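Q: Okay, here's the structure, questions in a sec.
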């Protein structure tokens with residue numbers, strides 16, 4: 001059960017990590033052109049749908065999703081923060097162009113990762129890609145950014161430039177990324193540095209709070225773990241496993257095992273992985289596994305929401321304030 005819990009938590013938290021990385025390394029909510037190859041840096045057509053429009057999770061939304069930030073909203077807040085950081089740096093006489101947010105979208109709109117929460121669910125995609133993501137989501141748009149000097153890093157972040165991961169001091173331990181930093185200098189170009197640098201200042205301007213998404217994602221991880229122990233889900237999973245065995249896929253205790261077996265090393269589907277993926281989804285449909293699992297987890301999340309109503313309502317309101325502030329900031333920047 002401990003391994004199962006780790007798997008469930010990972011599934012629930014994967015989308016959160018992807019959203020953060022996609023925003024941090026991405027581009028703006030506006031479509032811009034990649035000068036290198038002519039492809040759009042930001043292509044909204046590749047952005048995840050807010051609610052699935054196909055597959056076994058079509059039109060399904062878990063209760064906790066109401067308290068999760070959508071990808072579009074995260075891009076908006078990230079881009080507004082980047083705009084503020086660039087403006088802040090300019091006040092110190094530093095010209096800096098940050099990567100634009102939204103170029104490398106995750107496969108799911110929010111932390112629920114509903115499309116793959118109970119394993120793969122879209123037969124049309126399975127027929128083409130097996131357990132892999134569509135090619136458009138496997139591509140990564142790289143936006144070159146100049147190396148910042150030590151002083152520029154201090155102005156931007158409020159701390160000194162981290163040592164390279166492979167930097168080793170004589171007689172000392174191997175340096176880890178982002179460790180060994182010290183507080184930044186007090187001022188630059190005769191101007192006092194902001195607390196947390198321009199990054200900290202930008203978040204303060206938008207009222208961004210970092211811990212809220214983690215709390216909601218953790219609840220979602222807990223609800224998934226609890227749902228796996230429910231008798232209805234256990235029975236439906238066993239029926240799915242029996243169905244898979246009948247199709248020649250023995251020893252698969254749950255859909256996560258099928259995913260582990262079906263994912264290829266090079267990210268390219270094989271005839272074998274595609275066949276497994278299609279049978280996986282057909283067995284889910286035959287046994288109503290997704291519908292049953294979703295219903296059980298929805299009931300669990302309804303109770304979680306009731307138990308944490310005050311905090312979740314606060315998170316929802318806070319999120320709304322951040323997005324509103326971000327949109328106002330972007331509108332002001334556009335003038």
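Q: Arrange the peptides 111-122, 321-332, 58-69 so that the one whose residues have, on average, the most other Cβ atoms within 10 Å appears first.
A: My ranking of the peptides, most packed first, is 111-122, 58-69, 321-332.
Q: Which of 139, 163 has the fewest other C-beta atoms within 10 Å, and how do the rest follow up to the most?
A: 139, 163
Q: Counting other C-beta atoms within 10 Å, which of 155, 290, 208 has the fewest, and how do the rest follow?
A: 208, 290, 155
Q: Working only with C-alpha atoms, what are the Rg and Dmax values of the stretch 272-325, expressed in angstrom?
A: Over the stretch 272-325's Cα set, Rg and Dmax evaluate to 18.4, 49 Å.
Q: For residue 148 and residue 44, what is the calculated FRET efficiency with R₀ set at 35 Å and r taken between the beta-carbons, to the nearest 0.05?
A: 0.70
Q: Further question on the same structure: Gain in length, residue 307 to residue 272, computed as 0.36 nm per residue apart minus the alpha-carbon separation, to one decimal in nm?
A: 8.1 nm
Q: While we're on this one: What is the Cα coordinate range of the stretch 186-319 on the first, second and third principal axes, sorted by size from largest, in whole angstrom?
A: That gives 74, 42, 18 Å along the principal axes, largest extent first.
Q: Let me ask something additional. Sorting 303, 291 on the 10 Å Cβ count, fewest up front, what's the list?
A: Final ranking by Cβ density, sparse to dense: 303, 291.
Quick note: the coordinates plus some simple rules give every number you see, no bench work behind them. Since the model is a prediction, treat every value here as computed from it, not as a measurement. Note: ideal-geometry Cβ built from the backbone for every residue, glycine included; neighbour counts use all protein chains shown.
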